[in-house]
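The values are calculated or read from the model by the stated rules, or taken from the named source; none is laboratory data. Quantities reported herein were computed from a predicted structural model and do not represent experimental measurements. Counting neighbours? That spans all protein chains shown, and the Cβs are built from the backbone with ideal geometry, glycine included.
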Amino acid sequence: MNSHPVGSAVTVRTELIFGQEIRVFDITAARTDAPSMYIQSGLHPNETTGCGVLHSLLARYESESCPVNLRLVPHVNPLGWRTYIENGSGRVSYPNFINWNRIFSGDISALPDRPTIEQGMADLLLRLSSGYDHVMDVHTPECGWPHVYAPGLSGRLNIFDDLPHIIFAEPELFTFADYHVRKSGRPESTTIRRSVTLELPSHRLQSVRDLDYWAQRLHDEIESIRELRVPSSTPPALTGSMIDLNARIDGICYLVAEPGQRCGAGDVIATIVDPQGNRDEIRAAVDVVPLCYRRSAVARAGGWAVRCLSLESRG
């Protein structure tokens, strides 16, 4: 592991994972009692927006003070990145074909030495993020609208209530493993902290202005953490659970409802058209907000075509 100073506030070092480099940026706050935060992106290497956003945030803190003790890992999965560059697959590992989001266990002290790339990656990332008061994992939906996965309303972010929220309470009850369980870093605390996942938009090509916009929003969140703010007692306007709407035929998926659009029970969300011209309308069974579509637009019978925030529990 190599380490050298970059500036008055930022230090960069290199971690090695199976011969590939991960650059870790540690930014020290001016206040000695400042809280701490860990943010990573690129666990799915095909989800590239987060890397640009974190580098934009890093550039800001190279010229001004950071409100908290912050660790940024913009490009967290060089193993998956190499696979993505070579064959276009970024969601799963090679050769084991395991979703990178499913590699995590709980407390890192309980993890044995493990030889696989997935287990080695899990050990490294859990170690890098251990000891931080707040943990955020930045992703990008396959083709969709920004949203948040949060471990309960009290465990969500402070300033992102304008986005749809998928709320989960216990890991074993949550279908999508877009969170990780880690120990709190405060010596006096035994609190289990589950990371929050921020999903950045991918329904269109992102611009440099978009990167700066999301970097500013992350900075605002970091400022709120320095101020020891807690989430509002008023829940976000759109909260619920994630559900899949599956295709019944193989074909091309055409949007009827746009990502982020609120739809009622019975509304047509998408239409699948096969090569012979047969059509299948995908309808919502409950009130939903479409969040993710297949980027390739190809839907397979029995597989998900649209992922939605279900508003059924809101009454």
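Here is how the numbers come out for the structure above:
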read-out: The stretch 114-155: number of residues that are in contact with a helix residue (DSSP H, G or I) (Cβ under 7 Å, 6 or more places away or on another chain) and modelled with pLDDT of 90 or more; value: 5
read-out: Test: residue in the stretch 157-169 that is modelled with pLDDT under 80 and either surrounded by fewer than 14 Cβ atoms within 10 Å (Cβ to Cβ) or closer than 22 Å to Ile17 by Cα (or both); value: yes
read-out: Meets criteria (under 30 Å from Leu228 (Cβ atoms) and aliphatic (A, V, I, L, M)) for Leu79; value: no
read-out: Residue in the stretch 174-191 that is at pLDDT 90 or above and either in contact with a Ser or Thr (Cβ under 8 Å, 6 or more places away or on another chain) or in the same structural domain as Val298 (by TED's automatic domain parsing) (or both) present; value: no
read-out: Verdict on Phe97 being more than 21 Å from Tyr132 (Cα to Cα), touching a helix residue (DSSP H, G or I) at 6+ places or on another chain (Cβ under 9 Å), assigned by TED's automatic domain parsing to the domain that holds Asp133 and modelled with pLDDT under 95; value: no
read-out: Residues located in the stretch 14-43, provided they are surrounded by fewer than 17 Cβ atoms within 10 Å (Cβ to Cβ) and assigned to a loop (DSSP other than H, G, I, E, B); value: Phe18, Gly19, Ala30, Arg31, Thr32, Asp33
read-out: Selection count where residues are part of a strand (DSSP E or B), small (Gly, Ala, Ser) and in contact with a Pro (Cβ under 8 Å, 6 or more places away or on another chain), scope the stretch 241-269; value: 1
read-out: Conditions (1) surrounded by fewer than 20 Cβ atoms within 10 Å (Cβ to Cβ); (2) aliphatic (A, V, I, L, M); (3) over 21 Å from Val92 (Cα atoms); (4) at pLDDT 90 or above: number failed by Val6; value: (4)
read-out: One residue from Glu223, Glu281, Glu227, Glu258 being at pLDDT 95 or above and closer than 27 Å to Ala150 by Cβ; value: Glu223
read-out: The stretch 284-311, residues that are surrounded by 15 or more Cβ atoms within 10 Å (Cβ to Cβ) and farther than 24 Å from Thr140 by Cα; value: Val286
read-out: Subset of the stretch 270-315 that is in a loop (DSSP other than H, G, I, E, B) and without any contact (Cβ under 8 Å) to a residue 24 or more places away in the chain - its residue that is nearest to Asn46 (Cα to Cα); value: Ser296
read-out: Check on Ala237, at pLDDT below 95, over 28 Å from Asn69 (Cα atoms) and surrounded by fewer than 19 Cβ atoms within 10 Å (Cβ to Cβ); value: yes
